[in-house]
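A short write-up of the structure that comes next.
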Amino acid sequence: MAVEAGAATPEAPTLFGPRRRLLFAGRRAVVASTLSSVVLLGALVAVFYLAPGGAAVRYFFFNPHQMWVSFRGDPSKGLSSIGSGILTNVWMFCVCEVLVLIIGLIIAWVRMTQSAVLFPFRFLATLYTDIFRGIPILLVIFIVGFGLPALQLGSLSTQSPAVYGCMSLTITYSAYVAEVYRAGINSVPNGQLLAARSLGLSSGTTMRRVILPQAVRTVIPPLLNDFISMQKDTALVSTLGAIEATRAAQIYASTEFNFSGYVVASLLFLALTIPLTRFTDHLIAKDRTKRLAAQ
Amino acid sequence: MSNVVLRLSSISKRFGSTTVLSDVSLDLHRHEVVCLIGASGSGKSTLLRCANLLETIDGGDITLFGQSLRDPRVDPDLVRRHIGMVFQSFNLFPHLSVLDNIVLGPVHALGRKRAEVVDEAMALLERIGLSDRADDFPDRLSGGQQQRVAIVRSLAMQPALLLLDEVTSALDPTLVGEVLDLLRDLAAGGTTMLIATHEMAFAKDVAHQVVFLNQGVIVEQGTPEQIFSHATHEATRTFLERA
């Protein structure tokens, strides 16, 4: 038997549930959130201070004097400065980001061509993304950093560790970024392609003037996410002996038997990544508002 | 006859094992308006896409101004410059302003000077009463306005003919009128058009010829009078009763 909507409804249904909304609204909400933040923070600080090894951790990791010395470095004791080490990280990822943007786009483009003549290139591009998305970046760094010098191939084998690090980062992240681009290109509705081709635009012009401008817009947030993780992965180049922030902190730790340098290096990395993280979130939020407004 | 612009000679098209078009023949003369009618899935859109080389045909031949489009020397990009196409879902480029949407083809496909094309584009926008929206982006426009811009965008290429694929089907009923009025206007001005449509009153009114497609086959074709009042086939009559 069909049940009619409204047939079983009592005259005045109960709408009160166990949970109450609007308990914390307006100023009460501000007070409540401040209070809960203070309590949580206080608990964390208390644990930090009251833990049996609290004093030792504060001395070995958060020692203001040691932090300052490790930041500045001390040539007389053979201590590299973490402050200047981070600059190596900065130029490494600046160079890598530019290279990755270009190489990633080329790989994505090659993978999306349809011409029969380009088949071998398409195959190689697919192989490339499969391989370098699958190998841990640390291994790529070892293979490039120790392999290229061993080849004894002129200037290709006599570069600094930082350069080999950049090569490894570029090789690996280009594979990731190519896939990000490809997802962006695929997200552009097919009707855009049809409309552009119907106007008599060539496939190259269609890609450049119609598809890519739309794809790049959707791709910016995931691209920035990859950049954030690449900024951090510059630390792995320390394994080749490049004196960047992490390596300088390691040297400090093994010379002075104090780990405060690690905290300094972490803070410096945060100073680099947080602005980019915030910016990415801002873009995502903006894009979301725009899309909601369009509906 | 030399004034045949587009001729389909018993074309056929298959997707896998499904035959979408079979033995379809059709002439489109200069200044002629031909309306394609038929249920959804009858092959109207596929026919238009084949005419524009967006789909390749499996049999038969298509000629544009007497030249076979199956000739391997034919460059599809050059063919499409002479054939305007308007889609059900407008497909305006969302990252370009209304003006840039119109200017893109003439500048980047024909290599014409932007300044000279802009003047023409503004005249076209003037004609559809949207010249004050030239700098707006498409998402600021209503569906009817977007579709009129899409029509004008293909006109800016000065094509020999227009293919229109159910251009009012995605519109609110209240916005259909303004688009159909523009098409009437174009027809009166002598624009050659092949129109797939579900708007029977419009087809009756504007078409010189009406073609009824059913399951990829042309069942009947003739003047609007013949099709709408004196259809000889059962399938045509059944379709028209339901439409």
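Axis of helix B:143-155 versus longest Cα principal axis of chain B: the two differ by about 90°, to the nearest ten degrees.
Counting neighbouring Cβ atoms within 10 Å and putting the fewest first, the residues A:TYR176, A:TYR181 line up as A:TYR176, A:TYR181. With +1 on each Lys and Arg Cβ and -1 on each Asp and Glu Cβ, and nothing else charged, work out how big the dipole of the protein assembly as shown is about its Cα centre, in Debye to the nearest 20. For the protein assembly as shown, the charge dipole is close to 1720 debye.
Projecting label points 7 angstrom from Cα along Cα→Cβ for A:SER160 and A:PHE119 puts them 4.7 nm apart. Spatially, the stretch B:80-105 and the stretch A:77-120 are offset by 36 Å when compared through their Cα centroids. Loop-located chymotrypsin sites (Phe, Trp or Tyr not before Pro) in the stretch B:14-99 (DSSP state not H, G, I, E or B) with no more than 16 neighbouring Cβ atoms inside 10 Å: B:PHE65. For the protein assembly as shown, the mean residue ellipticity at 222 nm estimated from helices alone is -18500 deg cm²/dmol, where every DSSP H run of n ≥ 4 contributes -39500 (n - 2.57) and the total is divided by all residues, rounded to the nearest 500.
Report note on the peptides B:197-203, A:277-283, B:66-72, A:63-69: ranked by the mean count of other C-beta atoms within 10 Å, highest first, their order is B:197-203, A:63-69, A:277-283, B:66-72. Binning the C-alpha pair distances of the stretch B:81-231 at 5 Å intervals from 0 yields a P(r) profile of 2, 9, 18, 21, 19, 13, 8, 6, 3, 1, 0 %, listed from the shortest bin outward. Qualifying trypsin sites (Lys or Arg not before Pro) in the stretch A:15-114, where qualification requires a DSSP coil assignment and no more than 12 other C-beta atoms within 10 Å, comprise A:ARG19, A:ARG20, A:ARG21. Taking the centroid of alpha carbons for each part, the stretch B:173-243 and the stretch A:190-236 are 41 Å apart. With a ≥ b ≥ c the root eigenvalues of the C-alpha gyration tensor of the stretch B:116-162, is it rounded (a/c under 1.5), prolate (a/b larger than b/c) or oblate? Oblate is the answer for the stretch B:116-162, as a/c is 1.5 or above yet b/c matches or exceeds a/b.
Here each label is just a point 7 Å from Cα along the line to Cβ, and for A:ARG278 and A:VAL38 those points are 2.5 nm apart.
Anisotropy class assigned to the protein assembly as shown is prolate, per the alpha carbon gyration tensor with a/c at or over the 1.5 cut-off and a/b larger than b/c. Specify the longest stretch of chain A that does not include any exposed loop site, a site being one of the GluC sites (Glu not before Pro) with a non-H, G, I, E, B DSSP assignment and at most 15 other Cβ atoms within 10 Å. Formally, the longest exposed-site-free interval is A:12-295.
Relative to the longest principal axis of the Cα atoms of chain B, the long axis of helix B:98-108 makes an angle of roughly 80 degrees. Which of the lysines could a cross-linker span from B:LYS13 if the Cα-Cα distance has to be under 23 Å and same-chain partners fewer than 8 positions apart are dropped? Within the straight-line cut-off, B:LYS13 pairs with B:LYS44. Classify chain A as rounded, prolate or oblate, taking a ≥ b ≥ c as the square roots of the eigenvalues of its Cα gyration tensor: rounded when a/c is under 1.5, otherwise prolate if a/b is larger than b/c and oblate if not. Judged from the Cα gyration tensor, chain A comes out oblate (a/c at least 1.5, b/c at or above a/b).
One decimal place: the segment B:THR19-B:ASN3 gains 2.7 nm when fully extended, by the rule 0.36 nm per residue minus the C-alpha distance.
Each value in this text was obtained by applying a stated rule to the coordinates, not by laboratory testing. Just so it is clear, the model here is predicted, and its values are computed rather than measured. Positions of Cβ are backbone-derived with ideal geometry, glycine not excepted, and every protein chain shown enters the neighbour counts.
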